[in-house]
Amino acid sequence: MIGIIGAMQDEVETLISDMNVEEKTEYASMIFHKGNLCGQNVVIVKSGIGKVNAAICAQVLVDKFHVDKLINTGIAGSLDAAIDIGDIVISTDMVQHDVDASTFGDPVGQVPNMDVFSFPADKELIEKAVEANTEANPDIHTYTGRIVSGDQFISDNAVKERLVSLFGAKCTEMEGAAIGHAAYLNKVSCVIIRAISDKADNSAEVDYPEFEAKAIIHSVRLVKCLLKKLG
């Protein structure tokens with residue numbers, strides 16, 4: 001069983017409209033749709049914003065639906081000048097950038113008493129997600145690398161440079177590392193997929209509604225292609 005956690009309502013609704021829904025259930029104020037999509041048994045859900053929502057969502061998928069793979073899609077701010085708005089970043093690993101127990105000697109980002117600094121994405125899911133995006137969305141670029149998450153929207157150049165310096169990450173958002181954390185503790189596979197919406201600074205903005213519409217199209221195509229490859 002594969003759990004698909006989406007960030008954008010229209011994206012989730014589009015995926016659900018294409019699946020054979022067998023069951024619709026509410027847990028923790030989230031609506032879970034269980035069924036079949038592209039030949040795979042899946043559960044699709046919109047998690048809500050932030051690390052707590054994301055972690056609770058992932059745990060429900062493990063406990064109630066017994067998923068063994070987690071795919072999370074959404075948007076992020078680029079931390080790499082080469083990665084432009086509209087491009088896709090696929091996680092190699094995830095770190096919670098707003099965890100700071102450095103007073104006790106831990107590096108910033110280290111969750112105290114955890115045996116890892118970053119939460120790894122599954123190698124097969126990474127490889128197949130890269131292949132899927134290259135095939136499904138040949139008009140955009142695909143990148144892999146570390147994704148950092150925190151309960152804050154990054155729009156300040158100084159904060160952006162700090163994240164680059166500390167973590168060498170490709171992009172920043174608000175959910176992925178929490179899902180990676182939950183996946184690690186539960187020993188299930190995961191991958192985080194992000195469409196770049198901004199440069200995580202105060203640079204000129206694109207027309208967000210236009211970007212979101214394109215991001216949804218790209219994400220839906222990618223997920224469907226990825227599911228077929230996992231078959």
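General observations
- Between the listed residues TYR184, GLY50, GLY145, the Cα displaced farthest toward the positive end of the dipole of the chain, a dipole computed from Cβ unit charges relative to the Cα centre, is found at TYR184.
- When both bridge partners sit in the chain, DSSP labels roughly 40% of those beta bridges antiparallel.
- Helical runs assigned H by DSSP (4 residues or longer) give the chain a calculated mean residue ellipticity at 222 nm of -11500 deg cm²/dmol, each run adding -39500 (n - 2.57) before division by the residue total.
- Taking amide H as placed 1.01 Å from N in the peptide plane, ILE75 has its amide H under 5 Å from the amide H of ALA195, each at least 5 places away in sequence or on another chain.
- Modelled label reach - ALA81, point 7 Å along Cα→Cβ, the range 147-176 residues with backbone N closer than 14 Å: 161
- Residues with amide H under 5 Å from that of ILE4, placed H, sequence gap 5 or more: VAL43, ILE44, VAL45, ILE71
- Derived scalar couplings between HN and Hα for the range 76-83 equal 7, x, 6, 10, 10, 4, 6, 9 Hz in order, rounded to whole Hz, by the Karplus curve 6.51 cos²θ - 1.76 cosθ + 1.60 (θ = phi - 60°), x for Gly and Pro.
- Amide H within-cut-off set for ALA101, under 5 Å, with H built and near neighbours excluded: GLY109, GLN110
Here, each number is a calculation from the coordinates, and none is a lab measurement. Bear in mind the structure is a predicted one, so any value in this text is a computation, not a measurement. Heads up, the Cβs are rebuilt from the backbone with ideal geometry, glycines too, and the neighbour counts pull from every protein chain shown.
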